[in-house]
Amino acid sequence: MMGGYGDIKLLREDGLRLDGRKVDEMREVEIEAGILPAADGSAWVKHGLNVAVCAVYGPMEAHPRKIQRQDRCVIDVRYNMAPFSTSDRIRPGYNRRSREISKVTAESLESVVLVERYPRSKIRVEIEILAAEAGTRCVGITAAAVALADAGIPMRDLIVGVAAGKIEDTVVLDLDKAEDNYGQADLPMGILPTTGEIAFLQMDGDLSIEEYNTCVEYNMKAAKEIHELQKDALKRRYEEKMRGES
Amino acid sequence: MSGAGTGAELRLVTPGEAIETSSGVRAGTGTISYGDAIIATKVGWVNNNNGVISVDPINSAYMPRSGDLVIGVIESVRNNLWFADVNGPFNGLLPMSLAPWKVEFGAAREQMDIGDVMLARVQEVDEAHNIVLTMKGVGLRRLKEGFMLEVSMTHISRIRGDNDSTLNMLKDATDCRIIVGDNGRLWIDGDSEGLSVMKKIIDFVRNEGHKENFKATLVEFIEDARRNL
Amino acid sequence: MVELVPKLLQQELKRLAENDQRIDGRSRWESRDIKLETNCLYNAEGSAKVTWGETIIYAGVKFEVRTPWPDRPAQGSLMCGAELRPVAGRKYEPGPPSPESIELGRVVDRGIRESGCIDMDSLCIIPGEKVLGIMIDIHVLSDKGNIFDACALGAIAALRTAIVPAERFDVGEDYPLAVSMTPTMCSFTRVGGRYVLDANDEEELGGNERIHITLGDEGHLHSLQKGLKGTFTPAEFDEILQVAQQRCAELAELVNSQEA
């Protein structure tokens, strides 16, 4: 992440990025709600070339007993990359990376779900990455929020996963694969779009305070845009039903 | 489903969306107060009932409440009690004292065994969501014949209609018996033809139950279904 | 998690069978609608999405260059695995691969492998040094019954549309994988006392044993599997085999129509 790839140019002469995006432009995002018939709630998110699918089950009794909380439910997140989601096949199964992402994702979702409504219960959130092109943890969070809302789980806000970072000493929004591999910093965030609160935060690389502030500014802007798509996906699912177009 | 079909324009909201900021309104179900605003917590239709703002959710899990009529499936049996799956997060407990029969200690399975379907009421739900069921009451019993179906929680009121008007229409059209549980389960029984029409109608509800003109299209659907018998 | 089977469901399935009906209105040998999409996953060298009624699965093909097994120095390899992760349904739990997911992967694997549709010799790059390994991974996203047939269809469709990334491995130009046949699977489940084609989730829940038949282009058998508690008679097998002959040919046609 820390530079050292002197030969690789990530910004063009005209100041645009290799894929033609402006520094504060995110990749194209598409969202669908309710695409998995077996789940209580579900979502599909395509973000650039990333594809994430999320299924929500519950609330159900928390098993084993030792994970039960008398005053609230637990959110049981599994973030998983499918074996064929990356250029080199991933061996199926849990690894340290997916465990860490699952843990912090669960905690960010617990910050928006009204967990005290369901004592002793658990809500299962299954995030499956089908295609990965940098930023999958953010795409997973965006999908999880839509799937939870689709399942009728009460939440005080949706949550949007977005990332900004630094390439060639320039702050950019939404790193793609090359930028992630050869850039200087990555700052993924989970943002509550209505209130602007931050429920998920990770960072690695090297950022000045000014650069950090610019990253946050870009992330906030992108969160608003993705939030519109989340709302649209949820409303489309039901307004179509309502109008009889489904 | 108040608000639906009244002609007033319905507003669909998503969690986090501010519904109302004016004073003098209160937050009802499916909403919370946040500062001056009332915020939706579920995807659903906004409803204003004399200043109480609520959201009628489109999708919702069943959360048992005392007095609910439920259709349960026996999941395990002990010497003097039964546990039943009632389509909620926790099993309901039916103690021998609230069962309609007297049985010898250890003979509980002779009355109701695993997989049996029963009609019960929720006697009480405590803070930790423990559920006690009762089968003492008119009509509460083991359902030995017929068939059990599940529909989404929001369709339950649609199937009943105002004062059970829709429900009575279904009974007349199919000559079937039908029991609508508050827990998203239906029980139906009748002759072969009636059952197959009833199942088609329930499928129709599953697909069309959200729509504004649901009842009108349902009437049409039933007429068509009977004609094609 | 063991699923609870309501007795009323079993009774109803029996009653319907006696009237030659099915719970979702289909006839005995009628399949649900199938939608097959290929080349739908970036990063997979071959991919397919199968929407089989309300069952949804993805299959992805990846290649690796590796040293051959000592006893087969001039042959590549094929491996097919299925994951039944908790995303697929309420009854699925996290943990190491379940016996169910291993069975699923192996039954699909056998059908493809034993049909001989992949010439293992053609996967050799340098004898004794470098061969291609093909890995098919199947991912079940929504289980609403008959995942076996959906997975087998997705696996062969992903394989038939796969491109070998030879440039990435520095062994020449990319080329389409040679697949000489289209083996497909047909599954039958005993529901209400008789076999039906393509059982849905309710029929599986209230039903009994199942039989999986994989047939190749000539109608030859390549893989058979009987699963779950129960027995069947030779006469019953003859009957479903006839249905399978016709149905597998239709499925193969669906896969082959994807390539044009």
In the A-C interface, the accessible area buried, summed over both sides, Å² (probe 1.4 Å): 2500
Carbon/sulfur accessible area of the stretch B:147-227, % of total, 1.4 Å probe, equals 43
In chain A, how does Rg compare with the Kirkwood Rh, expressed as the Rg/Rh ratio over alpha carbon atoms? 0.99
Residue-wise, which Karplus ³J(HN,Hα) couplings in Hz belong to the stretch A:175-191, taking 6.51 cos²θ - 1.76 cosθ + 1.60, θ = phi - 60°, and x for glycine or proline? 5, 8, 5, 5, 5, 5, 5, 10, x, 10, 7, 9, 10, x, 9, x, 10
Rounded to the nearest 500, what is the 222 nm mean residue ellipticity of chain A from helices alone, with -39500 (n - 2.57) per DSSP H run of 4+ residues and division by all residues? -9500 deg cm²/dmol
Report relative contact order for chain A in percent, whole number only (criteria: Cα-Cα under 8 Å, sequence separation at least 6). 22
Helix C:99-115 sits off the longest principal axis of the Cα atoms of chain C, rounded to the nearest 10 on a 0 to 90 degree scale, by 60
Compute the projected area of the convex hull of the Cα atoms of the stretch B:147-227, averaged over all viewing directions, and report it in nm² to one decimal place. 4.6
Over the Cα atoms of the stretch A:43-155, how large are the radius of gyration and the largest Cα-Cα distance (Dmax), in Å? 14.2, 44
Calculate the length of the line joining the C-alpha centroid of the stretch C:1-29 to that of the stretch C:112-183, in whole Å. 37
Using the Kirkwood formula over every pair of different C-alpha atoms, what hydrodynamic radius in Å results for the stretch C:160-237? 15.3
Show the residues, 5+ positions off or on another chain, whose built amide H is closer than 5 Å to the amide H of residue C:78. C:134
Of A:22/B:42; C:144/C:226; A:166/A:231, which sit over 24 Å apart, Cα to Cα? A:22/B:42; A:166/A:231
Explain nothing, just compute: Karplus ³J(HN,Hα) = 6.51 cos²θ - 1.76 cosθ + 1.60, θ = phi - 60°, for every residue of the stretch A:225-230 in order, whole Hz, x for Gly and Pro. 5, 5, 4, 4, 5, 4
Computed Rg/Rh for chain B (Cα atoms; Rh = Kirkwood radius) stands at 1.03
Sorted from largest down, give the three principal axis spans of the alpha carbons of the protein assembly as shown, whole angstrom values. 82, 76, 53
With -39,500 (n - 2.57) per DSSP H segment of 4 or more residues and division by the full residue count of chain B, the 222 nm estimate, nearest 500 deg cm²/dmol, is -7000 deg cm²/dmol
Beyond 27 Å, what share of the Cα-Cα pairs of the stretch C:28-256 is found? Please give it as a whole percent. 33
Quick one: of the DSSP bridges fully inside chain C, what percent are antiparallel, nearest 5? 85
A versus B: buried accessible surface, summed, Å² (probe 1.4 Å, to nearest 100): 2600
Acute angle (nearest 10 degrees) that the helix A:96-110 long axis makes with the longest principal axis of chain A, alpha-carbon atoms: 60
Tilt of helix A:136-150 relative to the longest C-alpha principal axis of chain A, in degrees (0 to 90, nearest 10)? 30
Can you show me the helix-derived [θ] at 222 nm for chain C, built from DSSP H runs with n ≥ 4 at -39,500 (n - 2.57) apiece and divided by the number of residues, rounded to the nearest 500. -9000 deg cm²/dmol
Kirkwood Rh and Cα-based Rg: tell me the resulting Rg over Rh for the stretch B:50-123, rounded to two decimals. 1.13
Please calculate how many Å² of accessible area chain A carries per residue, with a 1.4 Å probe and no DNA, RNA or ligand atoms counted. 39
Based solely on C-alpha atoms, express the radius of gyration and the Dmax of the stretch B:24-70 in angstrom. 12.3, 39
Alpha-carbon radius of gyration plus Dmax, which is the widest Cα pair, for the stretch A:121-163 in Å: 11.2, 35
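The values are calculated or read from the model by the stated rules, or taken from the named source; none is laboratory data. None of these values were measured; they are calculated from a predicted model. Accessible surface is based on the protein model in full, side chains and every heavy atom, while ligands, DNA and RNA are left aside. Shrake-Rupley method; radii C 1.70, N 1.55, O 1.52, S 1.80 Å.
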